[in-house]
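For reference, the structure is listed below as structure tokens.
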Amino acid sequence: MGKAPRRKAEARTAAEGRPSRAERRRVRPAGPSDADRVQELLELIVWTDPGLPATMAATLRAGASPASPAGMRLLLVADGDDGKPDAVLTAGPPGEWLQGLRAFGPAAQIHMARRVVDLEGVAVDPGRRGQGLGALLIEDAAHRFRNAGYRLMSGTFELPYGDLTGYYEKRGFTVLPPGKPLLLRIPEDNGAVAYPADPHMQQMWRPLAPGVTAPGGVIDGVL
Ligand SMILES: CC(C)(COP(=O)(O)OP(=O)(O)OC[C@H]1O[C@@H](n2cnc3c(N)ncnc32)[C@H](O)[C@@H]1OP(=O)(O)O)[C@@H](O)C(=O)NCCC(=O)NCCS
């Protein structure tokens, strides 16, 4: 493809709301040399386990693969003009739902871990906020998981962050009221598994594939 057609293709992609090829080039999986910066950025998020940023950084520093047999895990960074990360996103298997499927056995849990990904956190350097880096990382992660066959992205945020409802709705998520659990249809059982939420937490979900809907508030078409 010549230069002009490529530019046109990039403009078309941006107009469709997906990150352009040039933007995607700024997003990449974090590597061992990013460990310190990734830890700093992850510490901007309030984690249930405050030691989590240090643990993730140590894993990264050790060069351990983020892949797990139970499902795909991504730690993505968006670079600034100096080539150093200005933003980070982490996403991986949905722990609570996997626990809820224990009675169905490991095959059912692995099936879920290959269909559902949990957006665990997004953090942008305070000096680089409002420039679309958070959105860029979320779209890039959705693109990568969709291409790997994932059908649903779930997520949680807590009230100390302020009301992020509008922010995530703009990114294609359905955001539930505080304290409401996310419910996912289990086809074998014709029942549902719950992802519980504390009263100060808000759950959200976004389809990654066609046919994922939530009739009666239960997400269907995923498993
Ligand atoms: C939330 C966060 C990731 C957004 O990143 P960002 O790159 O600044 O966001 P974008 O540039 O993609 O989007 C900016 C939009 O989000 C809105 N927004 C950003 N933070 C917001 C917040 N806390 N509450 C409500 N809206 C917010 C902005 O007002 C702006 O709205 P607009 O598009 O109508 O102008 C960033 O503010 C951050 O790192 N916060 C600290 C960590 C955090 O709270 N993470 C989220 C929970 S894991």
Exactly one condition in (1) within 30 Å of Pro85 (Cα to Cα); (2) touching a residue at least 40 places away in the same chain (Cβ under 8 Å) is false for Tyr167; which is it? (2)
Those residues that are closer than 14 Å to Tyr167 by Cβ and β-branched (Val, Ile, Thr), I need them from region 100-138; list them, please. Val122, Val124, Ile138
From the option list Gly105, Gly121, Gly95, Gly100, single residue qualifying as under 29 Å from Leu41 (Cα atoms), among the small types (Gly, Ala, Ser) and more than 11 Å from the ligand (Cβ to nearest atom) is Gly95
Residues (surrounded by fewer than 16 Cβ atoms within 10 Å (Cβ to Cβ) and farther than 22 Å from Gly155 by Cβ) located in region 47-66: Ala54, Ala58, Ala62, Gly63, Ala64, Ser65
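Take Ala148 and tell me if it is among the aliphatic types (A, V, I, L, M), free of Cβ contacts under 8 Å to residues at least 60 places away in the same chain and under 20 Å from Ala108 (Cα atoms).
Working: among the aliphatic types (A, V, I, L, M): yes; free of Cβ contacts under 8 Å to residues at least 60 places away in the same chain: no; under 20 Å from Ala108 (Cα atoms): yes.
Against the criterion (among the aliphatic types (A, V, I, L, M), free of Cβ contacts under 8 Å to residues at least 60 places away in the same chain and under 20 Å from Ala108 (Cα atoms)), Ala148 does not qualify.
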If I filter region 18-41 for residues that are at pLDDT below 95, within 16 Å of the ligand (Cβ to nearest atom) and of a type in the set (A, V, I, L, M), do I get at least one hit? no
Filtered residues of region 174-205 (kept if hydrophobic (A, V, I, L, M, F, W, C) and more than 24 Å from Ile110 (Cα to Cα)): Val175, Leu176, Met201
Being at pLDDT below 90 and of a type in the set (A, V, I, L, M, F, W, C) is the filter; apply it to region 67-100 and report the residue that is nearest to Gly132 (Cα to Cα). Ala67
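The values are calculated or read from the model by the stated rules, or taken from the named source; none is laboratory data. Quantities reported herein were computed from a predicted structural model and do not represent experimental measurements. Neighbour counts run over all protein chains shown; Cβ positions are idealised from the backbone, glycine included.
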